Amino acid sequence: MKNIKILCVAALGAVALMSVASCGGSSKVYSDVGTEINVWATAKEESVIKKVVETYNANQKDDANKFSYKFTAVSESDAGTTVAKDPTVEGAPALFLCADDHIFNLANKNIALELKGDYKNTVQSSNTAPAVTGATYNEKLYGFPVSNDNGYFLWYNGDAVTSEQAGSLETLLSTAKAAGKKVSLTMNDGWYAPTFFFSPQANGTKSLTYTTDAEGVAHYTVNWDNEVGVSVATYIGNLLKPYYADGTLLFGTNDTITAGFKSGDVIAAVSGTWLESDLKKSTTNLKASKLPEYHINNKAYQMGSFTGSKVYCVNKTRPVAEQKAAAALGDLLTNNESQLVRYEERQTLPCNVEAAKNSRYTENLTISGPALTAQNEFAAIQSQSAQDKYWDIGKAIGTAMCDGVLQDKDKNNLTWAQFLKLELDTIR
C-alpha cells in the first residue's frame, strides 16, 4: 500500500435512497450514510473519487447525506488478492476496486456482498452485458461495474514503427532489433501468456474455461496441449527466445514501458488503456492497434487476449453501517456521470450504456479506444475463463516460451507436449 490519504467530509448514518433532481448527473440522494468508508483503489482513481464525492457533497444541505471516506492506493489485482486472503486485515476496505476475475474467489469465500434490489436492478439495466457478466457469479451480482476496458492491445511509436510493421509480430521484433530498440510483451504474467493460444486460428478464445462444483472448487477445461497448441508453443518459443536473450523482448511494467517510450528505447508495448495519459505526454506520434499476427508455415494467426471489467465490491466482513455506506458510494461512483468523469480523468472506457453514447465520450475518443474495441473481437472474457489457480500456470508457460526452460520439478528436460500437459494437468 502507498499514498494513504484521508478526506473527511462529514458525519454519516444508515443508507436510504430517494429520487430527487441534483447536480453532477446523479438523481439520487444518499441519506444517513453514516460512517467513514475505507476505500481501496488504484492511485489514479483517487482524483475521480475526489471529484465525484466533492461535487455530490456540495449539493447536499444536510451533513447526514454527505460521504466521508479514507482512500488507500492499492492496485486492482492486489486489492482483490489481499482482501480474499484476509478481509479483516488492518485498514481493510469496505469498498475496493478489483478486476472481475476476483469475483469468483470473493464470492466463494463469502467476502463480497451480494447486491440486491435497486442496486442490482440499476447495474443490470444501465451497463453493457459483458460488464454485468463480469460482476456476476452463479447468477448473483457481487459488484458495481466501473469500466469496460480491462484488456490489452498494441501501443507503438509511429515515428519508429509503421502500421504495416505493427501488424506482424515477426516484423515488429526484427524492426526493433535492427534499430537497437525494445518491444515489451510481459510473458511472465498469466494475463498476457495465453495471447498465442487464444488466436482464432489456434485454440481459440474458448480454449480456457472453468466450472465450479458444489464446494466452489474450479475445474478447468483447457486444450493448449493438443496438436495445435503444441505447434503454437513450439513456434513461439523458437521465435521469442533469441529476442528475449538479446534484450529486444522486454517484460515491461507500467513504469518501464512509460520510461522506455519517453527515452525512445521502447518502440512498442502490449498493454492497456491505463497507459494512455502517460504515454501521450512523452510520445509525439503515439499509435495504438489491435495485437499483431504471427505466422506459422505462411498462415497468419491473430493474437488473442483477455477482456474484462473492473468492479467496485463491498466487503461483507465490515460493520453493517459501513457496508451500507460503501454500497451507496459504489453506486455513486459508477453511475452515468461518474463514468464520464472517470473517462475524462483516466481515459477508462465507460460500461454505462448512456455514458457510452454521451458526446463527452463519443466526440473525444481516445487513441486506445478503437484499438481495444478491435482487439476485443479476439478476446476471452476473463471472469469466465480464469481465476486464481490458473495465473501461476499461465505465468510458467509464458516464461518458458521466452527463456526456453522446459523442465519438471526434478529438472528433467521436457518437450513442449510434455511440459504443457504437466502444467495444465494441475488445474484440470
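Here are a few things to note about the model shown:
- Put simply, the Cα atoms of segment 348-417 extend 59, 23, 17 Å along their principal axes, the longest span coming first.
- The lysines within cross-link reach of LYS299, meaning a Cα-to-Cα straight distance under 23 Å and a gap of 8 or more places when in the same chain, are LYS206, LYS241, LYS290.
- Entries in LYS50/LYS324; LYS287/LYS395; LYS70/LYS389 that, when Cα-Cα distance is taken, lie over 26 Å: LYS287/LYS395; LYS70/LYS389
- Candidate aspartates and glutamates for bridging to LYS177, where Cα separation is under 12 Å - those fewer than 8 sequence places away on the same chain excluded: ASP246, ASP265
- Rounded tilt (10° steps) of 76-85 against the dominant C-alpha axis of the chain: 70
- Rg over Rh [alpha-carbon atoms, Kirkwood Rh] for segment 296-372: 1.17
- For the chain, the longest principal axis of the C-alpha atoms and the axis of helix 117-126 are separated by about 50°.
- Report note on the peptides 93-103, 174-184, 391-401: ranked by the mean count of other C-beta atoms within 10 Å, highest first, their order is 93-103, 391-401, 174-184.
- The shape of segment 162-235 can be summarised by an equivalent ellipsoid whose semi-axes, obtained from the alpha carbon gyration tensor, come to 32, 14, 10 Å from longest to shortest.
- Taking the DSSP beta bridges with both ends in the chain, the antiparallel portion is around 70 percent.
- Globularity ratio of segment 273-408, using Cα Rg and 2.2 N^0.38 Å: 1.37
- Semi-axis lengths, largest first, of the ellipsoid equivalent to the chain are 39, 25, 18 Å, with √(5λ) applied to each eigenvalue of the Cα gyration tensor.
- Working ranking of peptides 383-390, 211-218, 297-304, 47-54 by packing, defined as the average number of other Cβ atoms within 10 Å per residue, highest first, is 383-390, 47-54, 297-304, 211-218.
- Rg/Rh for segment 217-351 stands at 1.08; both radii use Cα atoms, and Rh follows the Kirkwood definition.
- Helix 254-263 and the longest principal axis of the C-alpha atoms of the chain enclose an angle of approximately 70°.
- When each of the peptides 105-114, 240-249 is scored by the mean number of other C-beta atoms lying within 10 Å of its residues, the order from highest to lowest reads 105-114, 240-249.
- Loop-located GluC sites (Glu not before Pro) in segment 339-428 (DSSP state other than H, G, I, E, B) with a sparse environment of at most 12 neighbouring Cβ atoms within 10 Å: GLU363.
- MRE, 222 nm, helices only [DSSP H, n ≥ 4, -39500 (n - 2.57), over the chain, to nearest 500]: -11000 deg cm²/dmol
None of the figures in this text is laboratory data; all of them are computed from the coordinates on show. Model, not experiment: these values are computed from the prediction. Neighbour counts are summed over all protein chains in view; Cβ atoms, including those assigned to glycine, are modelled from backbone coordinates with ideal geometry.
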